[in-house]
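The values are calculated or read from the model by the stated rules, or taken from the named source; none is laboratory data. Everything quoted here is computed from the prediction, not taken from an experiment. We place every Cβ from the backbone using ideal geometry, glycine too, and count neighbours over all the protein chains shown.
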Amino acid sequence: MSRTYFKQSRSVLAALVAIVVSSVPLSGLHASDDAVLLTVENTTRAEELDRAALEALPQVSFETTTIWTEGKLRFSGPALRDVLAEADLLGRAVIAEAANDYRTTLSADLIGDKFPIVATRINGEPFGVRQKGPLWIIFPYDLSDEFQREAVFAGSVWQLKRLRPAEE
């Protein structure tokens, strides 16, 4: 076979790869509105929540600084308590799992009426994986010393994908 044949074959292969790659959505940006963002499980069923389902819940919004970001940001989303109510998990410790396989247990006493929230927006905009999203458990860290504890920081799960009851 000639060198020309190999050059042409590589060109065709490169063009095909470019077509395939350009047709695949970039997962580092934003998830589509109807994509499942969060699975909330209890002992009998699993609720799969997309952006619309999360934003249909009552929204909480506050400004705070974090140890992971620069400056004061406005976070908004449903209270974690309201998300857990969707799966009948109120008053229970839950395990929060992230896309990177980080998992932690949030004790029931960390889950108040308004805080933490499952942030779906930062400064009014949905945020993607590169910004620790599209979901992030956030506390109002600047509000009180109560939110400056290791348990709170450990419970601030970004890239949140799943909530389930903790073993009791």
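Keeping to the range 112-139, report how many residues are under 16 Å from Ile67 (Cα atoms), more than 11 Å from the chain's Cα centre (by Cα) and free of Cβ contacts under 8 Å to residues at least 40 places away in the same chain.
0
Report yes if Thr69 is at pLDDT 95 or above, part of a loop (DSSP other than H, G, I, E, B) and surrounded by fewer than 18 Cβ atoms within 10 Å (Cβ to Cβ), otherwise no.
The answer is yes for Thr69.
Assuming Gly77 fulfils every condition listed in (1) in a strand (DSSP E or B); (2) out of contact with any Ser or Thr (no Cβ under 7 Å at 6 or more places or on another chain) apart from one, which condition is it?
Unmet for Gly77, out of (1) in a strand (DSSP E or B); (2) out of contact with any Ser or Thr (no Cβ under 7 Å at 6 or more places or on another chain): (2).
Within the range 95-125, can you find the residues that are surrounded by fewer than 18 Cβ atoms within 10 Å (Cβ to Cβ) and within 13 Å of Leu37 (Cα to Cα)?
If the condition is that a residue be surrounded by fewer than 18 Cβ atoms within 10 Å (Cβ to Cβ) and within 13 Å of Leu37 (Cα to Cα), then Ala99 is the only one that fits.
Here is a check on your reading of the model: is Arg164 of a type in the set (Lys, Arg) and part of a strand (DSSP E or B)?
Details: of a type in the set (Lys, Arg): yes; part of a strand (DSSP E or B): yes.
Judged against the criteria, Arg164 is a match.
Six or more apart or on different chains, Cβ atoms under 7 Å: show the pairs whose first residue is in the range 143-166 and closer than 23 Å to Pro126 by Cα and whose second is of a type in the set (S, T, N, Q) and loosely packed, with under 15 Cβ neighbours inside 10 Å.
That search, which allows pairs on different chains as well, returns Gln159/Asn100.
Which one of Arg162, Arg74, Arg81 is surrounded by fewer than 16 Cβ atoms within 10 Å (Cβ to Cβ) and charged (D, E, K, R)?
Of the residues listed, the single one that is surrounded by fewer than 16 Cβ atoms within 10 Å (Cβ to Cβ) and charged (D, E, K, R) is Arg74.
Could you tell me whether the range 144-152 includes any residue that is assigned to a strand (DSSP E or B) and modelled with pLDDT of 95 or more? Break it down into steps so the answer makes sense when it comes.
Keep residues of the range 144-152 that are assigned to a strand (DSSP E or B), which gives none.
Within the range 144-152, not a single residue is assigned to a strand (DSSP E or B) and modelled with pLDDT of 95 or more.
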